[in-house]
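To start, the structure itself, in structure tokens.
The values are calculated or read from the model by the stated rules, or taken from the named source; none is laboratory data. Just so you know, these numbers come straight off a predicted model, no measurement behind them. Cβ atoms come from the backbone with ideal geometry, glycine included; neighbour counts cover every protein chain shown.
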Amino acid sequence: MNHASLCVLSYNRKEVMESSLKTLFANTRYPYELIILDDGSNRFTQEYLFKIVREHAAATVLFNTDRNLGIGIAVNRGFQIARGNYLFKLDADLMYKPGWLTESVRLLEQHREIGCLGLFKYWHKPRIFSENIINTFSDYYEVVDFVGSAIGMRREVYEQFGAWHETEHSFGEDKQFKLKVQAGGFHMALPIDDLAENVGFGEYKTSLIKEIHMDTGKHVYNTPVKEPLIFGRK
């Protein structure tokens, strides 16, 4: 039976992860295995993860207790033990919408040209989102790039293009992998309607893009209602 492998990154922030997993358990109906990749969290977070394993038979936790080794190493460890037909790298601060995984799998299966699928739109200075769009299809956007907080793919895409870049930096570990996938002729894609929200972005609300449906039927994006996250800002 087909199923998805959800590899969730963990590094402290127990309360955020707890809220995120509550939405995952409540809003995920497609068959999945949950693999939590803990990269040297504090004792309180690790005790919570042990509780998750006890209460959810589908959960596996890989602990790295020595030091934080970086996202790329954690993702590769998770994907290498994953058994699913679909692989997802997911940050611990995502809030999942009902049916998010079912729709993600549908997009990946019905559109074989999609190499990597994100779950939500974002805005990043100095580019507005409309400038990030390459093509607009009936149910997804082909984009130049998307933020790496949530990335889904078919297993064969990961196996074809190899491991993620292993670095201790907190950003960019997915960039080289996505560039290889694009060079191989696949699309970077985002769903027309967001399938998750990232509470780690911005200050007040999680939706960084306000979509306006004009009389023309086109999707137009206005200025965000808050200051967005700028990578590299201290």
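Okay, here's what the table says:
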| read-out | value |
| --- | --- |
| Output for the stretch 193-207, where each listed residue is modelled with pLDDT of 50 or more and either surrounded by fewer than 14 Cβ atoms within 10 Å (Cβ to Cβ) or farther than 18 Å from residue 108 by Cβ (or both) | 193, 197, 198, 199, 200, 201 |
| Selected residue (criterion: modelled with the highest pLDDT) from residues of the stretch 159-173 that are in contact with a helix residue (DSSP H, G or I) (Cβ under 6 Å, 6 or more places away or on another chain) and closer than 19 Å to residue 145 by Cβ | 161 |
| Residue list for the stretch 1-22, filter: surrounded by fewer than 18 Cβ atoms within 10 Å (Cβ to Cβ) and under 28 Å from residue 156 (Cα atoms) | 1, 2, 3 |
| Residue match in the stretch 21-33 (condition: at pLDDT below 90, polar (S, T, N, Q) and assigned to a helix (DSSP H, G or I)) | no |
| Qualifying residue in the stretch 43-57 (condition: surrounded by fewer than 16 Cβ atoms within 10 Å (Cβ to Cβ), under 19 Å from the mean Cα position of the chain (by Cα) and more than 14 Å from residue 89 (Cα to Cα)) | no |
| Within the stretch 43-124, strands (runs of 3 or more DSSP E) holding 3 or more residues that are in contact with an Asp or Glu (Cβ under 7 Å, 6 or more places away or on another chain), polar (S, T, N, Q) and at pLDDT below 80 | none |
| Index of the failed condition, residue 210 passing every other in (1) modelled with pLDDT under 85; (2) closer than 22 Å to residue 86 by Cβ; (3) touching a strand residue (DSSP E or B) at 6+ places or on another chain (Cβ under 9 Å) | (2) |
